[in-house]
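Structure first, commentary second.
What follows is calculated from the coordinates using simple rules that are stated; it is not laboratory data. None of the values given here were measured: they were computed from a predicted structure. Every residue, glycine as well, gets a Cβ built from its backbone with ideal geometry; the counts of neighbours run over all protein chains shown.
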Amino acid sequence: MLDRAYALLDIKAFDGERRTITGLASTPTPDRRGDILEPLGATFANPLPLLLHHDRERPVGRVTLTAHREGIAFEATLPEIAEPGAVRDRVNEAWHSIKAGLITGVSIGFRPLSDGVKALANGGMHLLRTEICELSLVTVPANVETTIHTIKSFDAPYLAAFLPTRSPMAKFTAPEHISQLETKRSNLASRMTEIMQATAEAEQTLTADQAEEHDRLSVQVKSIDADLVRWRELEQLQIVNATPVPPAPVTPAAVATVTKSWPQVSVKANVPLGMPFVRHAMALLVCHGNKHEAAEYAKRWDDTTPEVSLSLKAAIAAGTTTDSAWAAPLVNQTMINDFLELLRPATILGKIPGLRNVPFNVKIPMQTAGGTYGWVGEGKPKPLTKLAFSSDTLGMTKVAGIIVLTEELVRSSNPSAEALVRADMVAGIAQFLDQQFIDPAVAAVTGVNPASITNGAPTAAATTNPLADIMGLINHFATNNIPVDGLTFILSASNALSLSFRTNLDGSPEFPGVGINGGSYKGLSFITSNTASTNIVALQPSQILYADDGGVTIDASREASLQMDSAPMSPADATTVYVSLFQTNSVALRAERFINWKKVNAQAVKYLTATAWPAPTGGTALLASSNEPTTKRRE
């Protein structure tokens, strides 16, 4: 079994002598998989077979390799075959595919020799000694630095007609190319670190070969750094100069074309959002967790939610989650997302735009202070400055609750029973998360829960002037060098309604776009939640880290014994009273969600207290008085 290393074809030139291609088959630069193949460590016996797609039964020519420190060069020839038959068709197919730009890569087939492989820190392999057995024409490139430099052919006019108008590299967007350069730089830096660490462990200086390799890698890193600066500048210019693409005029032909490319249409039953998830949990409860029995039980809902019974059959083997005709319908992730889609908009966290989403238990680097700069006189020394950095991590914290239902309620399985379970799960989790997120009294408990965003945040007393209060909150962020763009305000529905009632002298709304359900005004977002009570919370979402695993775990039991208490004793003692679910003919449903948050700037949140904005009277009254006639007409 041979390993393979890929390279990109880039047609550069041609002439009319013979059908040959020349270029580089491999370079010591890490490919996209992070592997490095040392050119001078490769052995081969020229000439080697030139294959098509690594098929040993489909040779299309012969190739000669030459190893240099910079890479492995090749010259391959595809013969002209006069006799009709499968061989001529195969060789012509390969040659025409190259000229037409359909085959854009080459790949060497090799095997590592003993003690010739070292693992790299990036997960790739450093192949020090290999045996190359063949070179293949392929369609999947991995190392974009190696190219075909020339193509020679008798039919030059034919080649000109089929040559691609640009290199495949030009197809990459600026962000994609930046990502490739960053990956390449990381691989080169890993190799430089490996060289230095090896000499440090051996307590020796670099050998001539090691020093030469290290210097060569260093030059490439510096070159990449310079290219990254240029590409990022280009990316910013493209963003600034980007213009929306005007919609194409709709013609009958265009409509027919669009119609043909429509994706598959799926029809769903008109049931409340989240109902498939709840029915899935209830079927497990009724059938004591037995998925086979639960699948049969759930068939009663096949006319409205057939995915419930299908999801309970997910133990069938040999399927894949991407096969829409076989195993994909058995995956219950769709139902979990269905439930989350219902839960998230019901919470403050689901409504705030722009929160900085980060993974759990990952260090997030942050800059805490900038450099110090000042005026410098002629011939005077420049001041030395430095930056300050820190990092933060969001650990895994969870919200959980247990709902106990009677056997009779679960077995009734009518819509009212389902709605009861669904409403309680959504309302309970949503209300708890909202309260924990903005209640100033909620302090952090290590390993248990995060502090609310208002805990320890600056505060001020509200006045009777809503506009002055809002401007005061905005000025707080501007004073502390925090962007005011995208600020979000959390307030009760009554305070939001008070804003919507306020009018200007001409009768127009003073806060257009804001209503009882919140809204937006002049780029500011207003979110309503009754957990805000009389507080008005202002926050900058970009300064708040937010981690969410994106899933809800549901477990069911009817054999457990529980403390029927909203604040169970921990640890339990001899006085703890347990209730047997089996004895009381009850079932318990446990829901868990892993979520965490933290503000990275102490000034990223400020809130008003005791807010009770009065009902507006001035605007409408003044408008009415302004419509009164200023003179009286004598009859």
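Structural remarks
- Projecting label points 7 angstrom from Cα along Cα→Cβ for ASN585 and VAL404 puts them 1.6 nm apart.
- Three-way shape call for the range 408-549 based on the alpha-carbon gyration tensor, with the a/c threshold at 1.5: oblate
- Cβ-based exposure ranking for THR611, THR20, in which fewest neighbours within 10 Å come first: THR20, THR611
- In order along the range 74-80, phi translates into HN-Hα couplings of 9, 9, 10, 10, 9, x, 8 Hz, rounded to whole numbers, per the Karplus curve 6.51 cos²θ - 1.76 cosθ + 1.60 with θ = phi - 60° and x for Gly and Pro.
- Highest average packing first - 398-404, 38-44, Cβ atoms within 10 Å: 38-44, 398-404
- For the range 443-459, backbone phi angles converted through the Karplus equation (6.51, -1.76, 1.60; θ = phi - 60°) give residue-by-residue couplings of 9, 5, 10, 4, x, 10, 8, x, 6, 5, 6, 8, 5, x, 7, x, 9 Hz, Gly and Pro being listed as x.
- ASP506/THR464 FRET efficiency (R0 35 Å; Cβ-Cβ; nearest 0.05): 0.95
- Likely footprinting exposure, TYR578, TYR521, TYR373, fewest C-beta neighbours within 10 Å first: TYR373, TYR578, TYR521
- Placed amide H near ALA25: partners under 5 Å, 5+ positions off or other chain: ILE72, ALA73, PHE74
- Estimated FRET transfer efficiency (GLN563, THR393; beta-carbon r; R0 35 Å; 0.05): 0.60
- Each peptide in 304-310, 211-217 receives the mean, over its residues, of other Cβ atoms within 10 Å, and ordering these scores from highest gives 304-310, 211-217.
- Which listed pairs, of LYS299/LYS398; LYS99/LYS222; LYS351/LYS599; LYS222/LYS598; LYS184/LYS599; LYS351/LYS606, have C-alpha distances above 26 Å, in listed order: LYS299/LYS398; LYS99/LYS222; LYS222/LYS598; LYS184/LYS599
- Nitroxide proxy distance, nm - points 7 Å out along Cα→Cβ at ASP55 and ALA202: 4.6
- About the centre of its Cα atoms, the range 432-569 shows a dipole size close to 320 debye [charges on the beta carbon of Lys, Arg (+1) and Asp, Glu (-1) only; nearest 20 debye].
- Percent of C-alpha pairs per 10 Å bin in the range 512-598, short distances first: 12, 23, 25, 20, 15, 4, 0.
- Computed lengthening from GLN431 to GLU235, 0.36 nm per intervening residue step minus Cα-Cα distance: 66.3 nm
- Here the Karplus relation 6.51 cos²θ - 1.76 cosθ + 1.60, evaluated at θ = phi - 60°, turns the backbone of the range 194-205 into coupling constants of 4, 5, 5, 5, 5, 6, 5, 5, 7, 6, 10, 8 Hz, with x for every Gly and Pro.
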